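To keep things clear, I will list the structure first and then write my remarks on it.
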Amino acid sequence: MIDLIMLATLFDGPRHGYQLKREAGFIFGQDNLHNNLVYPLLRRFTGEGWVTKKSLPGQRGQTRQQYAITPLGRKTLTERLAAFTEQDARSFEAFILRVGMFDLLQPPVRERILNSREGRLRQQAGHLNLLKEKLDLGAYGGEVVGQLSRRIQSELNWVRRLRRSSKSKQGVKP
């Protein structure tokens with residue numbers, strides 16, 4: 001997921017390495033991502049042809065590296081976002097990553113992602129209903145199942161809103 005977010009951070013224009021560390025770190029709720037995470041990814045992206053690197057003079061006389069996404073990088077990012085697997089449908093993090101980048105995806109891809117996640121949520125809700133029917137959960141077990149059921153229902157409502165929103169807006173073509 002970090003690699004997708006790093007590529008997406010470059011989608012709107014070139015960034016210096018430090019700016020990428022800061023912006024991606026902010027997305028992950030940190031001050032900065034560590035150099036040992038960011039720069040190996042940027043080397044890999046450059047090696048794959050997804051990102052270009054350009055040396056520019058810094059404000060204090062140092063040389064700064066500026067990174068920019070290439071057309072191949074844009075294509076790779078959108079393809080990887082669109083490749084929403086059954087395993088991804090099980091992961092809230094993988095789902096919200098895609099939703100956060102829905103503007104980069106075409107409406108039919110968005111709909112497929114929403115359908116996959118909705119199907120997974122309905123499976124989870126069915127499993128919780130079976131638990132309630134078949135087991136004596138006790139007070140606290142019942143609380144847990146009730147809370148999980150409410151979370152699933154809340155997310156199902158959100159999926160419906162996302163679907164309506166996606167149908168009412170034209171997607172940006174990457």
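For the stretch 28-79, the tally of residues that are part of a helix (DSSP H, G or I) and either among the basic types (Lys, Arg) or touching a Ser or Thr at 6+ places or on another chain (Cβ under 8 Å) (or both) stands at 6. In this structure, Ile27 does not satisfy being of a type in the set (Val, Ile, Thr) and in contact (Cβ under 8 Å) with a residue 24 or more places away in the chain.
Restricting attention to the stretch 121-169, the residues being within 23 Å of the chain's Cα centre (by Cα) and free of Cβ contacts under 8 Å to residues at least 24 places away in the same chain number 11. Condition check: within 28 Å of Ser168 (Cβ to Cβ) and surrounded by fewer than 18 Cβ atoms within 10 Å (Cβ to Cβ). Does Arg120 satisfy that? Taking the combined requirement at face value, the residue does not satisfy it.
The numbers here are math on the coordinates, done by the rules we state, and not lab data. Note that the structure is predicted; figures quoted are calculated from it, not measured. Cβ: placed from backbone, ideal geometry, glycine included. Neighbour counts: every protein chain shown.
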